[in-house]
Amino acid sequence: MKDRPRAPRPRRGADGRTRPGRLTPARIAILSVSVAVLAGGTAFVIRTSVEHGNAPKQVLGPDSFLALDPNAPDPETDILKEQAVQALRKDRLQSTRDDRKKGLDPVEIAEKAPGGGGFNPAAFPPGSTPDPGSNKALGKQMAEARGWGGEWGCLEKLWDRESHWNERAMNRYSGAYGIPQSLPGSKMASAGSDWQTNPATQIKWGLGYIAGRYKTPCGAWGHSQSTGWY
């Protein structure tokens with residue numbers, strides 16, 4: 001009678017413990033799944049890298065940062081402000097030479113509120129007239145609410161120069177509009193859709209603009225004193 005083949009004995013280490021021997025069907029199945037997962041993950045990483053490499057590059061320009069911070073410096077607008085100041089100085093110099101009326105005022109009162117930024121030009125309410133005195137009192141109250149009671153003198157002089165506290169004021173050289181002289185006026189829409197006619201909305205935007213760019217009204221006034229604009 002032939003001897004039956006003996007099953008392979010498990011290998012044992014020096015410590016007497018059983019050591020894994022040849023591959024079993026269960027081990028083969030586990031290895032197959034692991035290889036498939038690794039291969040799939042590698043393929044995904046490679047495909048994603050290729051797609052990102054071929055995607056068009058997006059470069060953030062100055063306008064992109066302005067969209068994130070509406071009170072950030074706007075080089076193009078600053079240039080327009082500077083050009084308006086230079087044009088005013090030129091006209092004042094010419095008027096002096098021609099013995100005409102001195103001290104030309106850059107502020108004119110708009111007959112119709114300007115549009116822009118998705119807003120159409122708007123007619124002012126019939127019979128309504130600007131009240132710079134009331135606007136100034138409101139501005140002082142809103143400044144104090146921000147903790148700027150001690151800065152009132154700077155804010156009063158700044159907007160006296162810019163608009164005479166008239167919500168319909170427009171700069172004849174740059175087109176800046178409103179009490180804080182927003183350029184363009186439609187920027188004030190971030191403070192309210194009634195920016196074209198409401199002094200409170202204009203003041204709210206103006207205070208926010210000053211806080212964002214100059215920290216305080218006296219900071220804005222100091223800049224205006226040195227450059228002619230803020």
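A few comments on the model shown:
- Surface per residue (accessible, 1.4 Å probe) for segment 92-230, Å²: 49 Å²
- Largest accessible area first, the residues Glu167, Glu82 order themselves as Glu82, Glu167 under a 1.4 Å probe with ligands, DNA and RNA left out.
- Near the amide H of Glu167, within less than 5 Å, lie the amide hydrogens of Asp131, all on another chain or at least 5 residues away, with H placed in the peptide plane.
- Heavy-atom SASA rank of Glu108, Glu76 (probe 1.4 Å, accessible area, largest first): Glu76, Glu108
- Stretching Glu108 away from Thr129 to a fully extended chain increases their span by 6.1 nm, per 0.36 nm per residue minus the current alpha-carbon distance.
- The distance linking segment 141-178 with segment 194-228 is 6 Å (Cα centroid to Cα centroid, whole angstrom).
The values are calculated or read from the model by the stated rules, or taken from the named source; none is laboratory data. Everything quoted here is computed from the prediction, not taken from an experiment. Note: areas computed on protein heavy atoms with side chains; ligands, DNA, RNA excluded. Shrake-Rupley method; radii C 1.70, N 1.55, O 1.52, S 1.80 Å.
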